[in-house]
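The values are calculated or read from the model by the stated rules, or taken from the named source; none is laboratory data. What you see is a predicted model, and the numbers here were worked out from it, not measured in a lab. All Cβ positions, glycine included, derive from the backbone under ideal geometry; neighbour counts span all protein chains shown. Ligands, DNA and RNA are stripped out before the accessible areas are found, and what is left, the full protein with its side chains, is counted by its heavy atoms. Shrake-Rupley method; radii C 1.70, N 1.55, O 1.52, S 1.80 Å.
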Amino acid sequence: MKKSGIAWFGSELRIFWLSLLFVLVTVIIGFLNLPLFWAAVNALLLLSLMAIVMANALQVGGANAASRAERYQLESIVKNLKDGVIAYDQSFKILVFNKAAEEICGVKSDEVLGQAFTLKIKEQMRSHYRILLTILFPALAPVVIRRTEPGVYPQIADFSFAEPPLELRVYTHQIIDEDGQLAGFIKVIRDRTRELTLLRSKSEFLTIASHQLRTPLTGVSWAWENLKTEPLTETQTQLVQTGMDATKQLIRIVEDMLDVAKIEEGRFGYEFRELNLVELIEEIVGEASLLARKQQINVYLERPKYTEYRIRGDAAKLGTALGNLIDNGIKYNVPGGKVVVQISETPNQPYVQVSVKDTGAGIPEEDAKKLFTKFFRGENVKKFQVNGSGLGLYIVKNIVRRHGGKIWAESTPGRGSTFHFTLPTDPNLIPPKETVYEEE
Ligand code: ADP
């Protein structure tokens, strides 16, 4: 551990020692050449001056020592952080490269500190600098999934490497100097390889368990269907109906679990094609409105401005997403309520927005953050709607994010909710690879 007190022979006290030497010589000369009274006055004045210089030097020394200690503490925190930290200036000269960054990039800090990585990038990409260069210049990455809009800081991006297998999440922050000018960037790198491997093996377990459950459940469902065709008393018919509803609900939960497991293993299996979003939505709304009529809920699509909104997407998965939102709009509505679907443009942005508005229970403010997390079910709806797995919105969010869009909700509790999601009209905004969007 470095010393953090005042250095008595350090730079702050150098002037003091030099002046002291000069003063002592002057005092001695004074005593040798001046009358005693004036020599004493001279000595007193010079020594008082020295006392002032000393006090000043001690003050500066103390402040410097405190700032040195602070800097040392900060350096040692950064050095020992579990996440990799790389800081560089605008000419890509590396200023900070901590231990974790060394391990992740497979490069020693001595090799890179002070080096500017702008020349010979192509040749260096074939060397052991490959991972470091990919992190510095994301455009070089074979697979990068950007999780934030361009130009918004901190930038968040996920990188996957096959050899060695690495899953990294990189947060890029700007370094702004005291004049408000951009001085460089700092990248914080989180190695998620182990985390994602664990998530995948947990999902594999879920997949197997859900598969095993599905077969006997289909058998139970088939048995109920057959029983319904038998001559039954009114009580028996009611019991069979209860059994059928519960089995359907169970099958739905198992299917949701299977979908979640596939999403978390990164193999939900999207098939992207060009499609007209209006046609797709009309179809889904048409099916939902037929079923909703039984529950006295009016589901309809508000006539969009254009008859065509062309996007690239997976029609089946988008159908599942929209179907889930409309189902919720029906499930959490009041008798005689409505669910309105709208399609609109986002001004000056290459996205189309879909909104599903209902007149139901609404979402309490404290639940808003948890809505899209796995297994969340609001207390306000559990009282009147027992059916639900809490997985629907998590699946919807993953489908929307996989298409390069965003999802959010607005609500007035007791009056209704509106779920909005966007989809890019520019196919370049679609992430290149399937990944799980578990936490946002
Ligand atoms: P589920 O509907 O199976 O419970 P979801 O993931 O679809 O699961 O929804 C999670 C929770 O979000 C619901 O339990 C409910 O509390 C709330 N929620 C979703 N949609 C609505 C809605 N349209 N109106 C009110 N609450 C909603």
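The table below gives the values:
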| item | result |
| --- | --- |
| Conditions (1) more than 10 Å from the ligand (Cβ to nearest atom); (2) open to solvent by 20 Å² or more (accessible area, probe 1.4 Å); (3) closer than 20 Å to residue 266 by Cα; number of the one not met by residue 383 | (3) |
| Residue match in the stretch 378-388 (condition: farther than 21 Å from residue 297 by Cα, at pLDDT 95 or above and out of contact with any helix residue (DSSP H, G or I) (no Cβ under 6 Å at 6 or more places or on another chain)) | no |
| Selection within the stretch 120-148 - assigned to a loop (DSSP other than H, G, I, E, B) and under 16 Å from residue 164 (Cα atoms) | 125, 126, 127, 128, 129, 141, 142, 143 |
| Breaking point among (1) modelled with pLDDT under 95; (2) more than 15 Å from the ligand (Cβ to nearest atom); (3) surrounded by 15 or more Cβ atoms within 10 Å (Cβ to Cβ), for residue 255 | (2) |
| Residues satisfying the stated conditions in the stretch 401-420, i.e. away from the ligand (no atom under 13 Å from the Cβ) and not in a loop (DSSP other than H, G, I, E, B) | 401, 402 |
| Residue in the stretch 101-119 that is within 23 Å of residue 438 (Cα to Cα), assigned to a loop (DSSP other than H, G, I, E, B) and out of contact with any helix residue (DSSP H, G or I) (no Cβ under 6 Å at 6 or more places or on another chain) present | no |
| Failed item in (1) in a loop (DSSP other than H, G, I, E, B); (2) modelled with pLDDT of 95 or more, with residue 164 passing the rest | (2) |
| In the stretch 348-357, residue farthest from the ligand (Cβ to nearest atom) [restricted to those that are open to solvent by 20 Å² or more (accessible area, probe 1.4 Å) and either under 20 Å from residue 303 (Cβ atoms) or in contact with a strand residue (DSSP E or B) (Cβ under 7 Å, 6 or more places away or on another chain) (or both)] | 350 |
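A quick yes/no check of all residues on (1) within 16 Å of the ligand (Cβ to nearest atom); (2) within 21 Å of residue 353 (Cβ to Cβ); (3) part of a helix (DSSP H, G or I):
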{"residue": "389", "(1), (2), (3)": "yes, no, no"}
{"residue": "423", "(1), (2), (3)": "no, yes, no"}
{"residue": "428", "(1), (2), (3)": "no, yes, yes"}
{"residue": "434", "(1), (2), (3)": "no, no, no"}
{"residue": "438", "(1), (2), (3)": "yes, no, no"}
